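Working notes for the structure below.
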Amino acid sequence: MTIEYLKLEPFGMELRCPEGSEWRTLDSAQLSNLLEEHRVLVIRGIKSLNKFELVAAARQFGSIQPWSFGAINELKVDPSAKNYLFTDHEVPLHWDGAFAGVVPRWLFFQCLEAPETGSGGATCFVDTSRLLRRVEPERRAAWAGQRFHYHSARLAHYGGSFSAELIQHDAKSGEDVLRYAEPVDDLNPVHVTPLTVSEEDGRALMRDLSAALADPAIRLEHRWRDGDILLADNRILLHGRERFAATTPRHLQRVNILDERRRWWHGLRDSMRIRRPEFWLAEIPIFFIPLLLLPGKVIDPASTLFWMSLLLFFLLFHTGDMLNCLADRNLDAVYKTRLSEAVYGLGITSVKWQIVLTMIAAISLSLVLSIQIGRPWLIVLVIAGLLLGIAYSIKPMQLKSRGLWQIIALWILIIVGPMLLLTLIFAASLEVLPLLVIVAAAYGALQEGIILVNTAEDYHEDREAGIRTPAVAWGPQSCIALAAALILFGGAVLLIVLYFAWQPLYTVEAWTAGMLLFVTCWLWVAYRVGQLWRRIRQLDLTSAVAAIKHAARWMPLWITATAWATFAVALAWYLSV
């Protein structure tokens, strides 16, 4: 492929590729070298990258900075925005990542829609190392040692307070750079306060800085065209945006690229992340509910059987979570960036070894337990669960992408299977097994109904990634209808079974307290999901998904509340017999 290289003034380089060229035909090592030298690279002629390709392309230059919304910041006008970044207003000079506490090395932009010619919207880059080399010694001496405090309310993906030296040394380039963000008097204002001089001298200093940063000899004005890809240095350069006409389109996508050095504890952090500790609070009741409902008070924290079973329980869940993180690393790169970066930070081979060793530990532990309690089918159940976990996440089966099979597989994997396993380990007699299977099935239906709300909110993301979840297969409205039905049915069956099978053995006080909590949580969740279904059934697809996303903020609380309310019912019986 023939590429035309054009130097930009006063700095930067433009690469003109044949129209429709693939990103993969570019040499990322060469691009890195050019970027180090020229600070800004404008690449034209490349075929538009979808979100997954965009993040993959950015990762060639370093790890991705995660935000609450994922990896990609969609820079376009939002009429409901509470921050000036998402308006047509001017954006004063600044550097990215300051409020996040982690400053990215590079910025990777893609222009989906450029402003019309003459309507504004250019992005300005200022080379601060060049400024410090050009500025008079007396002026630079006046700036040396100055420090500013920055504050902004946290209304978007950034905000808070921090302080920074005005002149800093960039170890990567070996040059001194200017770290200064101009004040913002707009939506979500940024307040800048000099810390080393008086208020009056501070205003004069800030006027002097703004005048120096306006020097055309250090400013590159980039006027966007559709399809532009632009990479820029974020440590040496400051950047801002020109105001643009409200009637013109302007849609950029930006990914921030880090170059932080991995430290020894990063591996521990990432190994923990792929085991999904955020789920543990809702998983603990799954372990205890069958044990609490078994006759004979089988819970003995002093026994090795208890701790071996608890370890086996979490080893199985960790295996499933790590498999899912590994399989979804590219999908998660866009929307769950921390998970994806944990996988890539550890390395694919390392994650695979962690999965294999965890599976070996689970199988070995199940073998010991099988021998210890004389139930050899335990190891068969564990191996079957591990195989189902592989089939759920990994191709060619990938049951999570097969509509109804996703619901069935997940129902077995995270509720029915673990509860059945624990019953087989701890039950002195298997006469109680049928009742506990019904409890597990009903509890699983209730929890799976809540999980389907999360599945429905990810409709656009899963559809874009080619993942055929129930929401993608049947539509988000039908998915929410099924969610409401499962919550109602599962909770009702659970209530009936617990009442008729266990209620006669409760004390009145324990029964009342446990059941009131469960019924309250169950009916509250059922009402909220049913209300959501009634609201969205007549809406268009986009509006329905938006409403589901809004409601799904409650999903972690719903699933945790119903889990611990069911635990409370089982605990009430356990303590009263």
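If you check 227, 267 for being small (Gly, Ala, Ser), over 22 Å from residue 73 (Cβ atoms) and within 35 Å of the chain's Cα centre (by Cα), only one passes: 267.
Quick one: in region 229-263, of everything that is of a type in the set (S, T, N, Q) and closer than 18 Å to residue 101 by Cα, which residue is surrounded by the most Cβ atoms within 10 Å (Cβ to Cβ)?
256
Do we have any residue at all in region 24-33 that's basic (Lys, Arg) and free of Cβ contacts under 8 Å to residues at least 12 places away in the same chain? Yes - at least one qualifying residue is present in region 24-33. Screening residue 96 against (1) outside any loop (DSSP other than H, G, I, E, B); (2) out of contact with any Ser or Thr (no Cβ under 7 Å at 6 or more places or on another chain) leaves a single unmet condition, (1). The condition of being touching a Pro at 6+ places or on another chain (Cβ under 9 Å) and either under 26 Å from residue 437 (Cα atoms) or modelled with pLDDT of 90 or more (or both) holds for only one of 484, 570, 513, 471, that being 570. Only a single criterion out of (1) within 15 Å of residue 127 (Cβ to Cβ); (2) assigned to a helix (DSSP H, G or I); (3) among the aromatic types (Phe, Trp, Tyr) is not satisfied by residue 265, namely (1). Looking only at region 16-28, filter to residues that are surrounded by fewer than 16 Cβ atoms within 10 Å (Cβ to Cβ) and of a type in the set (Gly, Ala, Ser); which one of those is farthest from the chain's Cα centre (by Cα)? For region 16-28, the residue satisfying everything is 20. Taken over region 49-80, the criterion of being closer than 22 Å to residue 462 by Cα, charged (D, E, K, R) and touching a strand residue (DSSP E or B) at 6+ places or on another chain (Cβ under 9 Å) is satisfied by 51, 59, 74.
Picking from residues in region 140-150 that are in a helix (DSSP H, G or I) and of a type in the set (Gly, Ala, Ser), the one that is surrounded by the fewest Cβ atoms within 10 Å (Cβ to Cβ) is 141. Across region 325-360, the qualifying residues are those that are outside any helix (DSSP H, G or I) and touching a residue at least 12 places away in the same chain (Cβ under 8 Å), and the one among them that is nearest to residue 70 (Cα to Cα) is 336. For residue 177, the test of being more than 22 Å from residue 61 (Cα to Cα), in contact (Cβ under 8 Å) with a residue 12 or more places away in the chain and of a type in the set (Val, Ile, Thr) is failed. Residue pairs whose Cβ atoms lie under 6 Å apart, sitting 6 or more positions apart in sequence or on different chains, and linking a residue in region 151-171 that is part of a loop (DSSP other than H, G, I, E, B) to a partner that is loosely packed, with under 15 Cβ neighbours inside 10 Å, are 154/160; 155/82; 157/68; 159/153.
Taking every residue in region 304-324 that is farther than 17 Å from residue 417 by Cα and pairing it with any residue that is assigned to a helix (DSSP H, G or I) and of a type in the set (Ser, Thr, Tyr), at least 6 positions away or on another chain, the pairs with Cβ-Cβ distances below 8 Å are 322/358; 323/392; 323/393; 324/392; 324/393. Filtering region 340-372 to residues that are aliphatic (A, V, I, L, M) and closer than 17 Å to residue 389 by Cβ leaves 343, 351, 355, 356, 357, 359, 360, 361, 362, 363, 365. Within region 5-45, the residues that satisfy the criterion of being in contact with a helix residue (DSSP H, G or I) (Cβ under 9 Å, 6 or more places away or on another chain), assigned to a strand (DSSP E or B) and among the hydrophobic types (A, V, I, L, M, F, W, C) are 13, 15, 17, 41, 43.
Please determine, by comparing only the residues of region 299-345 that are of a type in the set (S, T, N, Q) and over 16 Å from residue 272 (Cα atoms), which one is nearest to the chain's Cα centre (by Cα).
330
If we scan region 99-109, do we find a residue that is assigned by TED's automatic domain parsing to the domain that holds residue 166, under 24 Å from residue 465 (Cβ atoms) and touching a residue at least 24 places away in the same chain (Cβ under 8 Å)? Within region 99-109, one or more residues are assigned by TED's automatic domain parsing to the domain that holds residue 166, under 24 Å from residue 465 (Cβ atoms) and touching a residue at least 24 places away in the same chain (Cβ under 8 Å). Contact map, region 48-68: residues that are among the small types (Gly, Ala, Ser) paired with residues that are surrounded by fewer than 21 Cβ atoms within 10 Å (Cβ to Cβ) and in a helix (DSSP H, G or I), Cβ distance under 9 Å, separation 6+ or inter-chain. Pairs shown: 56/23; 56/330; 57/23; 57/24; 57/28; 63/344; 63/345.
Close contacts from region 449-468, counting a first residue that is more than 17 Å from residue 559 (Cα to Cα) and a second that is part of a loop (DSSP other than H, G, I, E, B) and of a type outside the set (A, V, I, L, M, F, W, C), with Cβ to Cβ under 7 Å and a gap of 6+ residues or different chains, come to 462/469; 468/402; 468/403.
Just one residue in the set 373, 379, 414 is surrounded by fewer than 19 Cβ atoms within 10 Å (Cβ to Cβ) and not assigned by TED's automatic domain parsing to the domain that holds residue 487; that residue is 373.
Of the helices (runs of 4 or more DSSP H) contained entirely in region 458-570, those carrying at least 3 residues that are surrounded by fewer than 21 Cβ atoms within 10 Å (Cβ to Cβ) and among the charged types (D, E, K, R) fall at 459-465, 508-536. The residues in region 417-440 that are more than 13 Å from residue 286 (Cβ to Cβ) and crowded, with 19+ Cβ neighbours inside 10 Å can be counted, and the count is 3.
Taking first residues from region 519-546 that are within 30 Å of residue 568 (Cα to Cα) and partners that are buried (at least 18 other Cβ atoms within 10 Å of the Cβ) and of a type in the set (Ser, Thr, Tyr), the Cβ contacts under 8 Å between residues at least 6 apart in sequence or on separate chains come to 521/562; 522/562; 525/562. Give me the pairs: first residue in region 1-13 and over 12 Å from residue 42 (Cα atoms) and in the same structural domain as residue 39 (by TED's automatic domain parsing), second residue surrounded by 13 or more Cβ atoms within 10 Å (Cβ to Cβ) and of a type in the set (Val, Ile, Thr), beta-carbon distance under 7 Å, and six or more apart or on different chains, which are they? The qualifying pairs are 10/218. Residue by residue through region 29-42, note down the ones that are of a type outside the set (D, E, K, R) and surrounded by 13 or more Cβ atoms within 10 Å (Cβ to Cβ). Within region 29-42, 31, 32, 34, 35, 38, 40, 41, 42 qualify.
The values are calculated or read from the model by the stated rules, or taken from the named source; none is laboratory data. Just so it is clear, the model here is predicted, and its values are computed rather than measured. As a convention, Cβ positions derive from the backbone with ideal geometry for all residues, glycine included, and neighbour counts pool all protein chains shown.
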